[in-house]
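Laboratory data are not the source of any read-out in this text; all were calculated from the coordinates shown. Note that the coordinates shown come from a computational prediction; the quantities given were computed from them, not determined experimentally. All Cβ positions, glycine included, derive from the backbone under ideal geometry; neighbour counts span all protein chains shown.
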Amino acid sequence: MKELLWLVPAAPYAGFLLLTLLGRRVTRRVAGLVGTGSVGLSLVATVLVGLDFLAAPSRPYVLHLWGWMNAGGFAPGVALYLDPLSLTMIFVITLVGFLIHVYSTEFMAEEEGFSRFFAWMNLFVGSMLVLVLADDLLLLYLGWEGVGLCSYLLIGFWYKDPANGRAARKAFVVTRVGDAAMAVGLFLIYHHLGTLNIQEAMRQASSQWSAGPVVAVAVAALLLAGAVGKSAQLPLQVWLPDAMAGPTPVSALIHAATMVTAGVYLIGRAHALFVLAPQVMEAVAIIGGLTLLISGFSALVQTDIKRVLAYSTISQIGYMFLALGVGAWSAAIFHFMTHAFFKALLFLGAGVVIMALEHEHDIFRMGGLRRRLPVAFWTFLIGAASLSALPLVTAGFYSKELILSQAWSSPAGGPWLWSAGICGAFLTSLYSFRLVFVVFFGEPKSEVSRSAGPMMLIPLVLLAFLSVASGFLEMPATLGGVHVFSGFMRTVFPDSMIPEAVSPGLALQAAAVVVSLAGIYLAYFLFLRNLLFLKRFAMRPFLAAVQRFWKEGWGFDRLYDNLFVRPLLWIAKVNRDDVADLVFLGVAWAGRGVHRGLVMSQSGRVRWYAVGIVIGAVLFLAVVIV
């Protein structure tokens, strides 16, 4: 069955081609069936391939499809690489992607461009699958740029609104900064190692470079820049909140299963290279710790339901970077998986609320929805509980607890990184249940005009189940010591930087539990019991200024606008005639001048021609004599 691996990325690409070629000539029903069915076929192929692979998970499988090019000894091939890491990624991508496609058939039913939407969604899923299955860094980069292109197309899907176009361009331009750095890193890898095959490059790097050489640090730093751009981490996180301009299913796909997790996958896949650059590893952990805190504060003051979830995603990816930076590779991928389930659930639940209230996004114009939207309420509550790491019963608790314990235990970690993670956990609980209490409790402020059908509600129920059950694949020793997930990943990450004998102890686990519950209780106390008092208190000048600062993303947009955007616009305005064109304009001006001179010499007067001949002859003789 492993021979069917090619079908995993091919099915969504086939759906994209079919929908693109047929366009408006197919009905919405057919477009939905093709778009959803192609990702469903990819999911079926993933399950079949996965079951076959599980018979011998210690042996990676490589499927060579064809040679890409052969130029001067550079001969990259198109091949797919299957190991526990890529299998986990494609399972999450196809499963979550399929559920989002099913949801979209109802959510987008009345929107213009229905067939175009599913074509681009298929292209998005296919590109992400190529990225995570690529056996070669060049093929990985093709998928990498593919998801960047699709993010531009889907964020700006409602392109008739100029604001959506600006958000799409912003995402495209900001991520290009990291992509350019990553491309330079690939050039360096090929120059020094002579190959872009991922496994061969990692083996050669480990054998040829000792820990800390300049070239290893440079390459790891450049790859980190690419990961920071795609995964919206400091300082390139500014594009993700504005990406909420796209339809809600697009937001769910970007945040849960595709684009923002690409950077996490890249660092995990190239972990052997990052181990050789401890300075960069430390930078990964620090970036993750700072990002999860800054975005957590920003999420706490947003009023748009989708922007709260957007900053939450930035924060949770920060946890994954923190884990990668301290060498907790399996913990990072485990949190990727659980996060994909509960974040997709939260976005799709938010979509039900938004649709029911005639596209209302302001959480303070909602309220009292738990009885009128019961399925959305209970599933959203489960998603928020998992995001908040509610102890013992949610997947988010087990994945986040694993990150926190290994951040403390790792030689590359310690109390400071653990403290950042624990503070982030408190903020996460606070802003998550702020959403729950403001949106679903209190007095109703808007009328429910539409109820979601089964195509929207069934994916919520399935994702709610996964947001609970998936956590039991990895449990700490104090709760049974289940290590199914990390054991499965051991062939990919055999040299863990976390000593197995080191245990953070019950005290640190208890601290994580207390922090999670304290955040939930404080959200209840502030946003349900004392909301009016809190609003009056928050109107004080200093607190209002702090809220504005956090709400604007800590001023990063203003900073980049002043440092880069305005100067470039000024240069473009001054140089609107293009200085480079002056050279060519000067040549043209000189040609016209010579032409005018020659025209004046052709007067038709013979006497002047004779004089000219004499003068020319004299000058010629003078030159010869001299």
field: Spin-label model distance (nm) - Trp589 vs Ala617, 7 Å beyond Cα toward Cβ
entry: 4.0 nm
Cα-centre dipole for the chain with unit charges at Cβ (Lys and Arg positive, Asp and Glu negative), debye to 20: 1720 debye
query: the stretch 22-98 to the stretch 509-560: how many Å between their Cα centroids?
result: 42 Å
field: Gyration tensor (Cα) of the stretch 60-201, equivalent ellipsoid semi-axes in angstrom
entry: 32, 20, 12
message: Could you work out the percent of alpha carbon pairs in the stretch 126-283 separated by over 24 Å, rounded to a whole number?
response: 33 percent
- prompt: What dipole magnitude, in Debye to the nearest 20, does the stretch 329-538 give about its Cα centre under +1 on Lys/Arg Cβ and -1 on Asp/Glu Cβ?
  reply: 640 debye
message: Considering all alpha-carbon pairs of the stretch 66-118, what whole percent are spaced by more than 17 angstrom?
response: 62 percent
field: Cα-projected label distance for Thr20 with Arg548, points at 7 Å along beta-carbon direction, nm
entry: 4.6 nm
- line: So, for the Cα atoms of the stretch 538-597, Rg and Dmax in Å stand at 24.1, 78
query: Within the chain, how many lysine pairs that are 8 or more places apart, or on different chains, have C-alpha atoms less than 29 Å apart?
result: 28
- prompt: Assuming a viscosity of 1.002 mPa s and a temperature of 20 °C, what translational diffusion coefficient in µm² per second does Stokes-Einstein assign to the stretch 424-542, Rh being the Kirkwood radius over Cα pairs?
  reply: 115 µm²/s
message: Over 10 Å intervals from 0, what percent of Cα-Cα pairs in the stretch 329-538 sits in each interval?
response: 9, 32, 31, 19, 9, 1
field: Approximate spin-label separation Cys423-Met455, in nm, with each point projected 7 Å along Cα-to-Cβ
entry: 4.6 nm
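Given the stretch 491-626, what whole percent of its Cα pairs are spread farther than 19 Å?
82 percent
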message: Among Met128, His595, Leu508, which residue has its Cα furthest toward the positive end of the charge dipole of the chain, with +1 on Lys/Arg Cβ and -1 on Asp/Glu Cβ?
response: His595
field: Share of alpha-carbon pairs per 10 Å distance bin for the chain, given as whole %
entry: 3, 15, 25, 24, 14, 6, 3, 3, 3, 2, 1, 0
query: What number, rounded to the nearest 500 deg cm²/dmol, is the helix-based mean residue ellipticity at 222 nm of the chain, given -39500 (n - 2.57) per DSSP H run of at least four residues and division by all its residues?
result: -23000 deg cm²/dmol
task: On each of the three principal axes of the Cα atoms of the stretch 224-353, give max minus min coordinate, whole Å, ordered largest first.
output: 47, 24, 20
task: In whole Å, largest first, what are the principal axis extents of the Cα atoms in the stretch 190-284?
output: 48, 24, 19
- prompt: Can you list the equivalent-ellipsoid semi-axes of the stretch 37-137, largest first and in whole Å, using the square root of 5 times each Cα gyration tensor eigenvalue?
  reply: 29, 20, 9
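Which FRET efficiency value, to the nearest 0.05, is calculated for Thr303 and Lys160 with the Förster distance at 22 angstrom and r the Cβ-Cβ distance?
0.35
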query: When the Kirkwood radius is taken over all Cα pairs of the stretch 582-625, what Stokes-Einstein diffusion coefficient follows at 20 °C and 1.002 mPa s, in µm²/s?
result: 170 µm²/s
